[in-house]
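What follows is one structure encoded as structure tokens, with my remarks underneath.
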Amino acid sequence: MELTLNLRTRFEVFKGSDAWEEAILPRTFPAHATALLLCDMWDDHWCKSAARRCDALAHKMNPIITLARERGVQIIHAPSECMDFYADTPQRQRMLQLPRVEPVPARHIEAPPLPIDDSDGGCDDSPQCPTFHAWRRQHPAITIAEPDAISDSGIEVYSLLRQRTIQMLLVMGVHTNFCVLGRSFGIRQMSRWGIPCLLVRDLTDSLYNPARRPFVSHEEGTELVIRHIEQYWCPTIVSDDLMKPEHA
């Protein structure tokens, strides 16, 4: 079965102009050669606004994840710093027992700083929440099924993708400006290792405080990070693409 996805990307018609145009490129990928990674969809977060948004995302994600799994997409749960909770599960043991594949030399990919100031941690509560280790497991609204994998290691994820000849890695989860980009299994590292990535842009969120530059709403700050990813790292899709009827 195949997935037809509408990839949104951005390009500079005239290099150096910093004038970017949007383009939608329909592409088809075999479902069995596609993986879907859920980045840091924790059960809680030190920022209470972030925790509420993550809870809403988890409930929206689960039917999409279930359908993708039924179509043959490899599901990878990546709740960082929660591996002890899943230590004895077959999905975690599968990754621990997987033979390691040595990554190719990392590509150099030039990208400017993010367009938002998240130096305060990005909490948009008032007053800002104190930081602490709030998470213990993945959000319980997201089903973990038998064929899935659990890992927070870039090398483990890379090894799985290469051994299963995965052609495309879809990424959804939080937070776009921190973990989605920056984890060892995140978009930056996977792109540098030559893994084609797509961000599911309506199933992500940023950690951004509107009191910081560029002084826009939280939603606009998230969109700015998504545009940055489309310009410099990878295209994005919407989850509706994954809900469309499949075809052989």
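The values are calculated or read from the model by the stated rules, or taken from the named source; none is laboratory data. Computed from a predicted model, the values in this text were never measured in an experiment. Backbone-built Cβ (ideal geometry, glycine too); neighbour counts: all protein chains shown. Surface accessibility is based on the protein's heavy atoms, side chains included, excluding ligands, DNA and RNA. Shrake-Rupley method; radii C 1.70, N 1.55, O 1.52, S 1.80 Å.
Does segment 49-59 contain any residue that is free of Cβ contacts under 8 Å to residues at least 24 places away in the same chain, open to solvent by 30 Å² or more (accessible area, probe 1.4 Å) and of a type outside the set (S, T, N, Q)?
Among the residues of segment 49-59, at least one is free of Cβ contacts under 8 Å to residues at least 24 places away in the same chain, open to solvent by 30 Å² or more (accessible area, probe 1.4 Å) and of a type outside the set (S, T, N, Q), which makes the answer yes.
How many residues are closer than 21 Å to residue 233 by Cβ and touching a residue at least 12 places away in the same chain (Cβ under 8 Å) when one looks only at segment 13-32?
So the count comes out to 8.
Scan segment 139-156 for residues that are of a type outside the set (Gly, Ala, Ser), part of a helix (DSSP H, G or I) and open to solvent by less than 20 Å² (accessible area, probe 1.4 Å) and jot them down.
Scanning segment 139-156 gives a single hit, 156.
Of the residues 72, 16, which single one is in contact with a helix residue (DSSP H, G or I) (Cβ under 9 Å, 6 or more places away or on another chain), in a loop (DSSP other than H, G, I, E, B) and either open to solvent by 60 Å² or more (accessible area, probe 1.4 Å) or among the small types (Gly, Ala, Ser) (or both)?
The match here is 72.
Output the number of residues of segment 188-212 satisfying the condition of being of a type in the set (Phe, Trp, Tyr) and open to solvent by 10 Å² or more (accessible area, probe 1.4 Å).
1
Name the one entry in 178, 185, 215 that is part of a loop (DSSP other than H, G, I, E, B) and surrounded by fewer than 21 Cβ atoms within 10 Å (Cβ to Cβ).
Being part of a loop (DSSP other than H, G, I, E, B) and surrounded by fewer than 21 Cβ atoms within 10 Å (Cβ to Cβ) holds for just one of 178, 185, 215, which is 215.
Do you know which residues across segment 19-48 are open to solvent by less than 50 Å² (accessible area, probe 1.4 Å), farther than 16 Å from residue 229 by Cβ and aliphatic (A, V, I, L, M)?
Correct list: 31, 33, 35, 36, 38, 41.
Do you know which of the residues in segment 32-51 that are assigned to a helix (DSSP H, G or I) and within 18 Å of the chain's Cα centre (by Cα) is nearest to residue 125 (Cα to Cα)?
Here the residue is 50.
Kindly indicate whether residue 63 is open to solvent by less than 60 Å² (accessible area, probe 1.4 Å) and not aliphatic (A, V, I, L, M).
For residue 63, the condition - open to solvent by less than 60 Å² (accessible area, probe 1.4 Å) and not aliphatic (A, V, I, L, M) - is not met.
Which ones in segment 75-86 are crowded, with 22+ Cβ neighbours inside 10 Å and under 15 Å from residue 176 (Cα atoms)?
78, 79
Inside segment 87-98, can you point out the residues that are open to solvent by 40 Å² or more (accessible area, probe 1.4 Å) and either of a type in the set (D, E, K, R) or modelled with pLDDT under 95 (or both)?
Within segment 87-98, 88, 94 meet the criteria.
Could you identify the single residue in 169, 203, 199, 242 that is at pLDDT below 95, under 21 Å from residue 78 (Cβ atoms) and touching a helix residue (DSSP H, G or I) at 6+ places or on another chain (Cβ under 7 Å)?
That would be 242, the only listed residue that is at pLDDT below 95, under 21 Å from residue 78 (Cβ atoms) and touching a helix residue (DSSP H, G or I) at 6+ places or on another chain (Cβ under 7 Å).
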